[in-house]
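Notes to accompany the following structure.
The values are calculated or read from the model by the stated rules, or taken from the named source; none is laboratory data. Since the model is a prediction, treat every value here as computed from it, not as a measurement. So basically every Cβ, Gly included, is an ideal-geometry build from the backbone, and we count neighbours across all protein chains shown. Note: accessible area is taken over every heavy atom of the protein model, side chains too, but ligands, DNA and RNA are not part of it. Shrake-Rupley method; radii C 1.70, N 1.55, O 1.52, S 1.80 Å.
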Amino acid sequence: MVDKVNFAARYGQWAIVAGASEGLGAAYAQELASRGLNLVLVARRSEVLQSFASQLSEKYEIQTKIIVVDLSKSDSAEQIAQNTNELEIGLMIYNAAFSAIGPFLERSLADHFKEIHTNIHAPLKLVYLLGQRMLAQGHGGILLMSSLSAFHGSAYISTYSATKAFNILLAEGLWEEWREQGVDVLVCVSGAVKTPGYVASEPQQTGGLGDMTMNPDQVVLEALNALGKQPYVIPGRVNRLAGFVMRHLLPRKAVIQFMGRVLRGKYIE
Ligand SMILES: NC(=O)c1ccc[n+]([C@@H]2O[C@H](COP(=O)([O-])OP(=O)(O)OC[C@H]3O[C@@H](n4cnc5c(N)ncnc54)[C@H](OP(=O)(O)O)[C@@H]3O)[C@@H](O)[C@H]2O)c1
């Protein structure tokens, strides 16, 4: 494991967390602050971000900067890149996502495109713009968030899971392309995590999977510990086992049907 001092040397001086105001993004920010990195916190809610940034600066004696931007908008990545031009960005975590749950045709086409903009366009542009800077400075890390639902087609969240599959393949390819040049790329393929966003979308019934949700802090620690060692990580033993069974033991068709039943039970019926 890279210790905290080495972590700051490798991924400092500044980290960007895109989607940092709550849930997993806030947990990433907290952990990075405790490791001594200065932080650029990105989200839409200005007051929440400002107060979180002040807390972190005071508690960990780090510098913080907030960028209030909607990552579903087409120029959001450019805004972030321009506003951080003067900073040495050693780490970029793309955590924000939009997920439209429900029967495909009952969601508007605009919602499907919002998923593409937030979950594909913005991270791709940020990886491009910041990857250039990291390669030029000879060090850096990029962490993209994905989901176990991206290992196969997932009914009722099919566009979301497709966008998350894009992130897995993008990160894996760049891990191989950039690892000899000092830039580590990782995708965190997460199962369910108790974040405000997840809890708000979660109906009472569990839909047959039981309570497999993890705490954000656990996910963050496993992800940061995997950075620089491997192209992807699935946090949590149960999730790793589920991922292995779904990808390697069961026929793909059976997994798609099983997950369809689970999601139907959870969100539709
Ligand atoms: N939670 C889970 O169970 C789970 C499971 C698998 C994968 N994941 C992945 O983990 C990541 C985080 O999940 P989460 O549940 O913590 O997410 P979330 O609660 O939906 O949002 C996380 C953060 O992103 C920001 N954000 C959302 N949309 C934004 C936008 N358009 N522009 C700017 N900021 C935006 C939110 O802040 P503002 O509202 O202030 O903008 C918030 O700080 C996502 O990539 C998700 O796909 C989560």
**Asked** List, please: which pairs have Cβ atoms under 7 Å, are six or more places apart or on different chains, and start with a residue in the stretch 35-59 that is under 22 Å from Glu88 (Cα atoms) and end with one that is within 15 Å of the ligand (Cβ to nearest atom) and of a type in the set (Phe, Trp, Tyr)?
**Response** Leu41/Phe52
**Complete:** Within the stretch 169-193, the residues that are assigned to a helix (DSSP H, G or I) and open to solvent by less than 10 Å² (accessible area, probe 1.4 Å) are Ala171
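Would you check which residues across the stretch 132-145 are closer than 26 Å to Pro216 by Cα and either more than 12 Å from the chain's Cα centre (by Cα) or without any contact (Cβ under 8 Å) to a residue 60 or more places away in the chain (or both) and list them? Walk me through how you get there before you give the answer.
Pass one, the stretch 132-145, residues closer than 26 Å to Pro216 by Cα: 140-145.
Selection gives Gly140, Gly141, Ile142, Leu144.
Which one is farthest from the ligand (Cβ to nearest atom) among residues in the stretch 22-66 that are within 18 Å of Gln218 (Cα to Cα) and in a loop (DSSP other than H, G, I, E, B)?
Arg35
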**Prompt:** Tell me, which residue of the stretch 73-87 that is assigned to a loop (DSSP other than H, G, I, E, B) and under 15 Å from Val127 (Cα atoms) is least open to solvent (accessible area, probe 1.4 Å)?
**Reply:** Thr84
**Prompt:** Checking Ala53 against (1) open to solvent by 20 Å² or more (accessible area, probe 1.4 Å); (2) more than 21 Å from Met145 (Cα to Cα); (3) not basic (Lys, Arg), which test does it fail?
**Reply:** (1)
**Complete:** If you go through Val262, Val220, Val199, the only one that is part of a helix (DSSP H, G or I), surrounded by fewer than 15 Cβ atoms within 10 Å (Cβ to Cβ) and β-branched (Val, Ile, Thr) is Val199
